[in-house]
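Reading through the structure tokens given below for one structure.
The values are calculated or read from the model by the stated rules, or taken from the named source; none is laboratory data. Please read all numbers here as calculations on a predicted model, not as lab measurements. When we count neighbours, we look across all protein chains shown, and the Cβ atoms used for this are built from the backbone with ideal geometry, even at glycine. These accessible areas exclude ligands, DNA and RNA; they are computed on the full protein's heavy atoms, side chains included. Shrake-Rupley method; radii C 1.70, N 1.55, O 1.52, S 1.80 Å.
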Amino acid sequence: MHQEFLCQVTAYGMSAGQWVGVPLGSYRAPSLSLALWWMRERATWMAERLDPLPESCRWPVRALVPVADDVPDAPGELRAWRDDRAGQDAAGDRLARGLLVRFATRDDTTVYELLAESVDALRIQRAALIDVPSLGASA
């Protein structure tokens, strides 16, 4: 039943004293395997931008600086989530059952969120909220 999935990546942080979300991408996956692939690929994409290898990128000298030891390792957690085979299987099982899959991690300023859900499940939930008048009822 669940054959199409909406996948999203969002970063959340403070701006002008308010908590705001910045969409980093979305994908309407035509299959479960493509939804999981896209989420793993986006986890890699974010991790590489948050923690690039200095020798593999074209950053100006001193553009990359170390962070304090107590700052959460968001890039490491993104890579660990991506590489967790059992976790990926569990995420696939949840999506196949029509349940939301969410992975979030943070560093010292930002929360990074990967989200996927069944388009069919969303439609079913939306239909349940619509108050359909019974046929034959008079107004």
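Out of VAL22, VAL61, report the one residue that is of a type in the set (Val, Ile, Thr) and modelled with pLDDT of 95 or more.
Only one candidate qualifies: VAL22.
Please state which one of ALA104, ALA91 is at pLDDT 95 or above, touching a strand residue (DSSP E or B) at 6+ places or on another chain (Cβ under 6 Å) and within 19 Å of VAL22 (Cβ to Cβ).
Working: ALA91 fails: within 19 Å of VAL22 (Cβ to Cβ).
Every option except ALA104 fails the conditions.
Scan region 2-38 for residues that are among the aliphatic types (A, V, I, L, M) and not in a strand (DSSP E or B) and report the count.
Number satisfying all stated conditions: 5.
Which of (1) modelled with pLDDT of 95 or more; (2) open to solvent by 70 Å² or more (accessible area, probe 1.4 Å) does LEU114 not meet, given it meets every other one?
(2)
Return yes when PRO72 is modelled with pLDDT under 95, assigned to a loop (DSSP other than H, G, I, E, B) and open to solvent by 30 Å² or more (accessible area, probe 1.4 Å) and no when it is not.
Yes.
Would you pick out the residues in region 101-111 that are surrounded by 14 or more Cβ atoms within 10 Å (Cβ to Cβ), among the charged types (D, E, K, R) and part of a strand (DSSP E or B)?
ARG106
Modelled with pLDDT of 95 or more, open to solvent by less than 70 Å² (accessible area, probe 1.4 Å) and touching a helix residue (DSSP H, G or I) at 6+ places or on another chain (Cβ under 8 Å): does that describe ARG40?
Considered against the rule, which asks whether it is modelled with pLDDT of 95 or more, open to solvent by less than 70 Å² (accessible area, probe 1.4 Å) and touching a helix residue (DSSP H, G or I) at 6+ places or on another chain (Cβ under 8 Å), ARG40 comes out as yes.
May I ask you to list the residues in region 75-100 that are open to solvent by 40 Å² or more (accessible area, probe 1.4 Å) and farther than 29 Å from PRO52 by Cβ?
The answer is ASP89, ALA90, ASP93, ARG94, ALA96, ARG97, LEU99, LEU100.
Report yes if ALA29 is surrounded by 13 or more Cβ atoms within 10 Å (Cβ to Cβ), of a type in the set (Gly, Ala, Ser) and either at pLDDT 90 or above or touching a Ser or Thr at 6+ places or on another chain (Cβ under 8 Å) (or both), otherwise no. Working first, answer last.
Working: surrounded by 13 or more Cβ atoms within 10 Å (Cβ to Cβ): yes; of a type in the set (Gly, Ala, Ser): yes; either at pLDDT 90 or above or touching a Ser or Thr at 6+ places or on another chain (Cβ under 8 Å) (or both): yes.
So ALA29 fits the description; yes.
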